[in-house]
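Peer 1: Once you've had a glance at the structure underneath, I'll fire off some questions.
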Amino acid sequence: MQETNSEDRSGAYEQAGAALLQNFLSLFPAGSEAGQVWQSLIQAQGADPARFAALQAGYFKQQMALWGGMLASESGQTGNSPDSAEDGSSDKRFAGREWRDSRYHDYLRQVYQLNSRFLNDLVELADLEAPTKQRLRFYTRQLIDAMSPANYAATNPEALQLALATKGESLHTGIRQLIEDVEQGRVSMTDESAFEVGRNLAVTPGEVVFENELIQLIQYTPATAKVRKRPLLMVPPCINKFYILDLQPENSFVRYAVEQGNTVFMLSWRNITEDSLGGLTWDDYIAEGVLKAIEVVRAISRSEQINALGFCVGGTLLAAALAVLRARGEDRVASATLLATMLDFTYPGDIGVFIDEASMAAREAAIGKGGILPGKELAFVFSALRANDLVWSYVVNNYLKGKTPDAFDILYWNADSTNLPGPMYCWYVRNMYLENKLREPGKLVTCGVPVDLGAIRLPTYILATREDHIVPWKTAYLSTRHLKGDTRFVLGASGHVAGVINPPAKKRRSYWKSDRLSADADEWLAGAEEVGGSWWPDWNDWLQSFSGGERAAPKKLGNAKFKPIEPAPGRYVKVRV
């Protein structure tokens, strides 16, 4: 009889599991990509019903144990929680004591965490091709993050307690802030009134010494009596603005580089707001951006060779420009630094979920021959990659609790989005992310010449960051296979921005280094040494080898041909959308 009951329960678990999945599928619109991906999951689970049934049975046993524990606690008895239950303290969304003080909310938290584990386990159990599984993980995480009880006023005990304590004022303020954010079209992440470009951000002294319709070129004032003979040109991402490298004085990478005796030049990309510039192409960004900047820097510094640094897509642009120079037989750059940069797009991470042939064709039809890609669209994509940190945490703080975000310079920069010309953006996404042509010698033609990364035989410093969600560090490591010069790879702690902007004075985080490259990233990390603090001094010591000696610091910026136009940071960077 006991065995029969067990079989009955197992059958009930399977039926309940099937119903659960069907309810889950109904959350996605018919024909949507997410719905199609989840249908493929159901088909994959059907190929191995035994494993699927075992997962369902375990899930429902834990659900029954949670419910039993809840009923027991209500009646004053001691209930047994399932082995997998957590107290929530490791998840900052549920760290507040209010979650444990309320039996009801504690139960909601535990059910949510159990459901989350079940869905994640379901995905990992499926035998699917890698691209489909990656999409499945992404959509599942988006749903799990969105359905957290912390995100809703009625199921968040911290928000409810605050509303009672403030007699509803917190909710009133939250609603007002929600309306303001709807009007501006984005979630507020920081107190934007605390910052201003040119007042307390991007304040390293210097002058704009050249400009065209696409860029301004800034030369910074020397901070030492003598400077290295070879100047340093920084190429920032054109997605967002250059001052991520020149935030406040205490965390400015530009200021640090200047204080080490470098004559630093910064390329400042124009924010494309005029329709007349909506036809600019990738080749324009290479020729009138990076190559033009190299030409002007060489002329002002009277140096045959310069050192160059690129960050994120700025690094991709720099590498492409170096390959163009090599194809032309021109030797203009002595060393290259690539920060959080992708050259091989085989494994682009979660951002690849947003890119496929159908979506790319639609984008090309809309703006591929002319037009503007709004910066807010790009900002949304990057926020979705880390929805808990960059969306839902602010929904809870700003709207449910009515609090004002703290002042944080990196998040101010993050919100200062930039538009891109449609043809440039479409060419970049198709040829890099979709077709991955840059890694294949001669397959990509830029500025009229076929480019080959392997021909770039320069000393190169490559920095990746371990928690980077935009440029996965193992993908950044692939660059070591394509660049044939003397390459140094360094891995910083933290993410895409915080791992790069890590000044030595703060003595935070760490980095991994090794004098040897390995066949793959995991092997390299296994043999690397972890060093406490910032990677900046390691980079500075490396760059010193390519300084070309020293000379007296220039007393004036620019020269007779390229005269100062306006003080740094210039007007291009101040244009907001």
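Peer 1: In the stretch 332-375, which residues are of a type outside the set (A, V, I, L, M, F, W, C), closer than 30 Å to residue 545 by Cβ and touching a residue at least 40 places away in the same chain (Cβ under 8 Å)?
Peer 2: Selection gives 335, 337, 341, 344.
Peer 1: Let me spell it out: the conditions are (1) in a helix (DSSP H, G or I); (2) touching a residue at least 60 places away in the same chain (Cβ under 8 Å); (3) open to solvent by 40 Å² or more (accessible area, probe 1.4 Å); (4) farther than 22 Å from residue 444 by Cα, and residue 297 meets all of them except one. Which number is the exception?
Peer 2: The failed condition is (3).
Peer 1: What number of residues within the stretch 306-345 satisfy the criterion of being at positive phi and open to solvent by less than 10 Å² (accessible area, probe 1.4 Å)?
Peer 2: Residues that pass the stated criteria total 1.
Peer 1: Open to solvent by 20 Å² or more (accessible area, probe 1.4 Å), in a helix (DSSP H, G or I) and farther than 30 Å from residue 433 by Cβ - does that describe any residue in the stretch 181-191?
Peer 2: Within the stretch 181-191 (the criterion being open to solvent by 20 Å² or more (accessible area, probe 1.4 Å), in a helix (DSSP H, G or I) and farther than 30 Å from residue 433 by Cβ), the answer is yes, since at least one residue qualifies.
Peer 1: I'd like the full set of residues that are open to solvent by less than 40 Å² (accessible area, probe 1.4 Å), under 24 Å from residue 196 (Cα atoms) and not in a helix (DSSP H, G or I), limited to the stretch 393-407.
Peer 2: 405
Peer 1: Can you tell me which residue is nearest to the chain's Cα centre (by Cα) among those in the stretch 110-158 that are part of a loop (DSSP other than H, G, I, E, B) and small (Gly, Ala, Ser)?
Peer 2: 148
Peer 1: Answer yes or no as to whether residue 288 is out of contact with any helix residue (DSSP H, G or I) (no Cβ under 8 Å at 6 or more places or on another chain), part of a helix (DSSP H, G or I), surrounded by fewer than 17 Cβ atoms within 10 Å (Cβ to Cβ) and at pLDDT below 95.
Peer 2: It is false that residue 288 is out of contact with any helix residue (DSSP H, G or I) (no Cβ under 8 Å at 6 or more places or on another chain), part of a helix (DSSP H, G or I), surrounded by fewer than 17 Cβ atoms within 10 Å (Cβ to Cβ) and at pLDDT below 95.
Peer 1: Hey, another quick one. Please specify each residue of the stretch 167-180 satisfying the condition of being over 28 Å from residue 248 (Cβ atoms) and open to solvent by less than 50 Å² (accessible area, probe 1.4 Å).
Peer 2: Within the stretch 167-180, 168, 170, 173, 174 meet the criteria.
Peer 1: Please determine, by comparing only the residues of the stretch 357-382 that are open to solvent by less than 40 Å² (accessible area, probe 1.4 Å), assigned to a helix (DSSP H, G or I) and modelled with pLDDT of 90 or more, which one is nearest to residue 416 (Cα to Cα).
Peer 2: 375
Peer 1: I'd like the full set of residues that are closer than 25 Å to residue 321 by Cα and more than 29 Å from the chain's Cα centre (by Cα), limited to the stretch 213-230.
Peer 2: Passing the criteria: 228, 229, 230.
Peer 1: Something else now. Would the stretch 346-356 turn up any residue that is among the charged types (D, E, K, R) and buried (at least 21 other Cβ atoms within 10 Å of the Cβ)?
Peer 2: No, every residue in the stretch 346-356 fails to be among the charged types (D, E, K, R) and buried (at least 21 other Cβ atoms within 10 Å of the Cβ).
Peer 1: What are the pairs with Cβ atoms under 8 angstrom where one residue, in the stretch 175-204, is among the hydroxyl-bearing types (Ser, Thr, Tyr) and the other, located anywhere, is outside any helix (DSSP H, G or I) and open to solvent by less than 50 Å² (accessible area, probe 1.4 Å)? Sequence gap at least six, or different chains.
Peer 2: 188/405; 190/405; 204/220; 204/246; 204/252; 204/568
Peer 1: Looking only at the stretch 521-540, decide whether some residue is farther than 21 Å from residue 254 by Cβ, open to solvent by 20 Å² or more (accessible area, probe 1.4 Å) and in a loop (DSSP other than H, G, I, E, B).
Peer 2: Yes, because at least one residue in the stretch 521-540 is farther than 21 Å from residue 254 by Cβ, open to solvent by 20 Å² or more (accessible area, probe 1.4 Å) and in a loop (DSSP other than H, G, I, E, B).
The values are calculated or read from the model by the stated rules, or taken from the named source; none is laboratory data. As the structure is a computational prediction, the values presented were derived from the model and not from experiment. For neighbour counting, all protein chains shown are included, and Cβ atoms are generated from backbone atoms with ideal geometry for every residue, glycine included. Protein only, heavy atoms only, side chains kept; ligands, DNA and RNA dropped before computing areas. Shrake-Rupley method; radii C 1.70, N 1.55, O 1.52, S 1.80 Å.
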